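To keep things clear, I will list the structure first and then write my remarks on it.
The values are calculated or read from the model by the stated rules, or taken from the named source; none is laboratory data. Given the structure is predicted, the values throughout are model-derived calculations rather than measurements. Reconstructed Cβ throughout: ideal geometry from the backbone, glycine too, with neighbour counts over all protein chains shown.
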């Protein structure tokens, strides 16, 4: 999905799956990609919990990376 350029960070196309976000970065789905079936299905999924260090706007298909997660944020032992 990322390799095909469907994602932008801070308004610029990103096609590197290992792209490293910085605090304050805004990730969004490109306007032309918002109608893809995979994007629509993902948006309707109820299986997702969004951690508190990410602020999501489901209507705009954007997310803001608010802080670097700490070890206490990892839900696994």
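Inside the range 20-47, residues that are farther than 17 Å from residue 3 by Cα, part of a loop (DSSP other than H, G, I, E, B) and out of contact with any strand residue (DSSP E or B) (no Cβ under 9 Å at 6 or more places or on another chain) make up a count of 4. Pairs meeting the criteria (first residue in the range 2-17 and assigned to a loop (DSSP other than H, G, I, E, B), second residue surrounded by fewer than 10 Cβ atoms within 10 Å (Cβ to Cβ), beta carbons under 6 Å, at least 6 apart or on different chains) are 2/17. Scanning for something modelled with pLDDT under 90 and surrounded by 10 or more Cβ atoms within 10 Å (Cβ to Cβ), does the range 18-26 turn up at least one residue? The answer is no, given that none of the residues of the range 18-26 is modelled with pLDDT under 90 and surrounded by 10 or more Cβ atoms within 10 Å (Cβ to Cβ).
Okay, residues lined up against (1) surrounded by 14 or more Cβ atoms within 10 Å (Cβ to Cβ); (2) over 25 Å from residue 11 (Cβ atoms); (3) under 13 Å from the mean Cα position of the chain (by Cα); (4) modelled with pLDDT of 90 or more:
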| residue | (1), (2), (3), (4) |
| --- | --- |
| 35 | no, no, no, no |
| 43 | no, no, yes, no |
| 50 | no, no, yes, no |
| 54 | yes, no, yes, yes |
| 60 | no, no, yes, yes |
| 63 | yes, no, yes, yes |
| 69 | no, no, no, yes |
| 73 | no, yes, no, no |
| 76 | no, yes, no, no |
